[in-house]
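Heads up, the thing below is written out as structure tokens.
The values are calculated or read from the model by the stated rules, or taken from the named source; none is laboratory data. As the structure is a computational prediction, the values presented were derived from the model and not from experiment. Note that each Cβ is placed from the backbone with ideal geometry, even for glycine, and that neighbours are counted across all protein chains shown.
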Amino acid sequence: MTNANEARQHRPIAVSPDEAARLAGIGRTTLYAALAKGDLPSIKIGTRRLIRVDAIRDWLARNEGET
């Protein structure tokens, strides 16, 4: 197995809202507003809210041209 494959396997597929905001380079308030509006989907497992990394990428791509 190559180092690139190992790194890819250890990447999370879902992250907490705080980590999602950090990854997207936005504030927590902006991220929570997107969650509340339903623009950014999330998953709730027990008391934990998770956001799929793919959903973050899709959301950023959809909002790429907005100012």
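Numbers at a glance
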{"read-out": "Residues located in the stretch 26-67, provided they are more than 12 Å from the chain's Cα centre (by Cα) and among the hydroxyl-bearing types (Ser, Thr, Tyr)", "value": "Thr29, Thr30, Thr47, Thr67"}
{"read-out": "Close pairs from the stretch 37-51: first under 16 Å from Ala61 (Cα atoms), partner part of a strand (DSSP E or B) and of a type in the set (A, V, I, L, M, F, W, C), Cβ under 9 Å, at least 6 apart", "value": "Leu40/Ile51; Pro41/Ile51; Ile51/Ala14; Ile51/Val15; Ile51/Ile43"}
{"read-out": "Yes/no for Glu6 being at pLDDT below 95 and outside any helix (DSSP H, G or I)", "value": "no"}
